[in-house]
1. Please list, in order, the residues from the range B:371-388 whose amide nitrogen is less than 12 Å from a point placed 7 Å along the Cα→Cβ vector of B:Lys402.
2. Relative contact order of chain B: what whole-number percent is it, with Cα pairs under 8 angstrom and at least 6 residues apart?
3. As a quick test, which of the pairs B:Lys356/B:Lys444; A:Lys66/A:Lys339; B:Lys210/B:Lys450 have an alpha carbon distance above 26 angstrom in this structure?
4. Post the alpha-carbon centroid distance, the range A:317-386 to the range A:132-198, in whole angstrom.
5. With everything on Cα atoms, drop me the angle between helix A:102-116 and the longest principal axis of chain A, reported from 0 to 90° to the nearest 10.
6. Under unit Cβ charges (Lys, Arg +1; Asp, Glu -1), what dipole magnitude, rounded to 20 debye, does the range A:211-251 have relative to its Cα centre?
7. Points 7 angstrom from Cα along the Cβ direction at B:Lys169 and B:Met1: gap in nanometres?
8. With the crude spin-label approximation of a point 7 Å out along Cα→Cβ, what separation in nm comes out for B:Glu440 versus A:Thr5?
Amino acid sequence: MSQTTLFEQHFWKESNRNLDYYLQSMNGYQAAQKVLKEMTPDQVIDEVKKGNLRGRGGAGFPMGMKWSFIPKNSEKPKYLVCNADESEPGTCKDRQIIRYTPHLLIEGLIIGSFAIGCKHAYVYIRGEYVREANLLNAAIDEAYAKGYLGKNIFGSGYDLDITVHRGAGAYICGEETGLLNSLEGKRGEPRVKPPFPAVSGAFGCPTAVNNVESIANVPHLIRMGGDTFAQLGKVDKSGGTRLISLSGHVKKPGVFEIQAGSMTLRQIIENLGGGIINDKKLKAVIPGGSSSPILTADEIDVVYDVEPLMKVGTMMGSAAIMVIHEDTDLVKLLLRITKFYAHESCGQCTPCREGCHWMESILHKIVHHEAKPSDLDLLNDVAQNIGGKTLCALGDAAAGPVISFLKKFKPEFEAYIKGQNKYA
Amino acid sequence: MPKCTIDGKEIEVKPGENLITVAKRAGVDIPVFCYHPGLTVVAQCRMCYVEVEKMPKLQTACSTMAAEGMVVKTQSDPVVKGRAGTMEFLLLNHPLDCPICDKAGECDLQDNSYGHGSAYMRHSEERRTYVDVDMGPVIEKNMNRCIHCTRCIRFGEEVAGIHEMVAIKRGNNIDITTIDGNPLKTEYAGNYADICPTGSLTLRDFRFRKRAWMLKKTATVCEGCSKGCNMEIQHEGNVIYRCVPRENLEINKHWMCDEGRFNYHYTQDPTRVLTPRSGEATIGWENAIQNLKDLTDGKKITFLVGSDLTQEELATVQEYINAYQKGSSIHHFGTDGVSESVDDGQADKILKMKSKTSNLSGAEKLGIKSISHLKTATDVVVVIRGGRADLNVALKQVQGKKLIGMGVFLEKEISTFSLVLPGLAFTEKEGTIINHAGIEQKIKRAIVPKNTVKAVSEVLMLAANKKAKEAVV
């Protein structure tokens, strides 16, 4: 099936990021003009709802719905915050958008801000994206110079400012309330929900937090209309296309774009990734960023979208696929993943602060042949005591891989304990 | 009113009440660490799990608002397992040094561990340890015992109005400390020890002096200022070991200042005058009463009463003057700069009042005028004070007069007195005081006074008796 793509054709050429290219080759800022001049905020939200655009950050929450939660009659200012923290290991799609189509993001921010009544939008970009932050700021300057940002945009009387805020390199600041705390200059720790950001977000005001890819899809959606956008998706409830970050043991890793739900995981690996490197056998796939439960080689004939993946007990997350071939030591891989979450735990809530480090210690013992057979049950039990019990989703993110690795690849762990692992 | 069900008990709920409050009213105890009724809810410790019907995951009771029709279980298997999991996590790095920890016996971590934890430990790795910073004169820190509940951080920010405690680093290495390791500055530091659910922050003044379970507790009111904060005197063997605040949402909520907390020390000062004195000489009560009579009988006298005395004591003095010292004057004194209650007001944004005596309003209610209205004093002046009223305020008005003191004095305060009749401190008597807002409260006797000191009423009664007897003869 030939794929309709919205982003991919504009990637990899540096000159594409300029405003001229955007205006000439991508119908730049026409959607924003149409929205500001011809549409009401409710119409915009309805159109986005029609387009079945769901969040691209990880949870897959319908974006129109999220925007409709922002109270209309609140006297407080409202904020649109773009989550460009892109910190889930394996994910690098937002970086592509910021690098090559930054104006798409800016136009999306204009439309989104108009829809929720925001006069000041923020882009919270991860600290490591130094170049991307500079590129984005340069694009924003271009937009200001043309009058696409600032006062009275397109003569519509609508004002909008955009501020790019750089993070300091914490995974947890990709969690929306952790991000808001960090944006406010506080410690990057997730907040108790409720209240949800739609009610009390940035600076205590109603706030929508959306992923870069989600926002960058909005101009496309407005240009082609919600119905057409929805039809791009090949499964229910998912419209548009998905950017996939494919990494690991494939011949051709990279960022690819597919129509939502149009391919199975196997097709993605074989057709887009060109198969397994050195023609090795596939062992496992982590389908949605390092926090998603692992799939075995037999489980990958599943349509790659939110609901189908949920049905097989994992998740699409940020659409970062990590492919693992037969020579990989999964115990060491799990140690590495767990080490990441232990390192990135903010430390405010008990199970995550204590448990992630404990899981790391147990895995460390296993890898160094110091563990007892009972340690595997202990490890599983600790993960169960973290999963679903923490304040934010980081606990689940840390527990998910441990539980799924142990469930699906237990013999490898047992071999380590017996001193018989073949990778030593 | 909406109703919800907790462990099968139906109970009415008010809007905005969380499940911990509602459960408490239903007689169901939910264990907590980070939750404190006087602080914001952060749901960090993950101890107060409950199961709420129709919700897929366990919920934290502190952050879940009760709602109509909610069905809550606090003892189901998932809840029990969840709490046991949290307890296990909290104890991974806790030193379990209860035998040498001052908090033992009143420690939330210890109590909840008995109630919800396991007696066995599955963790065999090395424990996390910290180097402690000096927290200043009030609080001693032991970070190894900390469970990162952040009550102290929130207390500083939300109640004491000072951002001095912080969390630094993250994850397993998180450290709860002061900004730049500086000592605490707040004048409410004692509360840090009260709200700490472990022995991480303890009172330097109290530590290693008495085990918590040996203390007897007397509910009383602080005499430190006109606020009237409710407090508890904790004592054993007739010795006070510490004072802690008692909850009174109308007055002091859950808190008290350090000045009030440590105020009791003067009552146990080794230099407190505990026997009657005539000049420098110690005399017996028989002679002391005789001296009092000799100095005052038949004269008009200036009586100066501290606004730290109770209503009962002040009224007794008034009655005595009416019956035995006709024509004498009575004026109250207390704090430099606060001669009347109109001068009183908040000394900070938290609890402290400008009037450093507890019963200024009460003295005024009895019709006693301030010492600022005293024009000329008589040759003999009787000064009666509870122990807190500022003597200098009284003495500068009556320089060169013959002074008789009644009440609580330290050695260094009596050099200008001709006669001193030692009395009861606020910890040793009962009575009524009225705070700045007109709220009447009772102080309670915690300590049995030495048999060489006498209450104001007793001294005046003895003096009256002596006068009456001699009149008959």
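1. Once the point is set 7 Å along Cα→Cβ of B:Lys402, B:379-382 turn out to lie under 12 Å by backbone N, inside the range B:371-388.
2. Numbers: 948 pairs, mean separation 55.0, N = 473.
After rounding, I find 12 percent.
3. Values: B:Lys356/B:Lys444 19 Å; A:Lys66/A:Lys339 33 Å; B:Lys210/B:Lys450 22 Å.
In this structure, A:Lys66/A:Lys339 exceed 26 Å between Cα atoms.
4. The two parts, judged by their Cα centres, are 33 Å apart.
5. Once rounded, one gets 70 degrees.
6. Numbers: 5 positive and 3 negative charges, 33 e Å.
So the dipole magnitude of the range A:211-251 works out to roughly 160 debye.
7. Roughly 4.8 nm, to one decimal.
8. Between B:Glu440 and A:Thr5, the simple spin-label model gives 8.6 nm.
No lab work stands behind these numbers, since they all come straight from the coordinates. Computed from a predicted model, the values in this text were never measured in an experiment. When we count neighbours, we look across all protein chains shown, and the Cβ atoms used for this are built from the backbone with ideal geometry, even at glycine.
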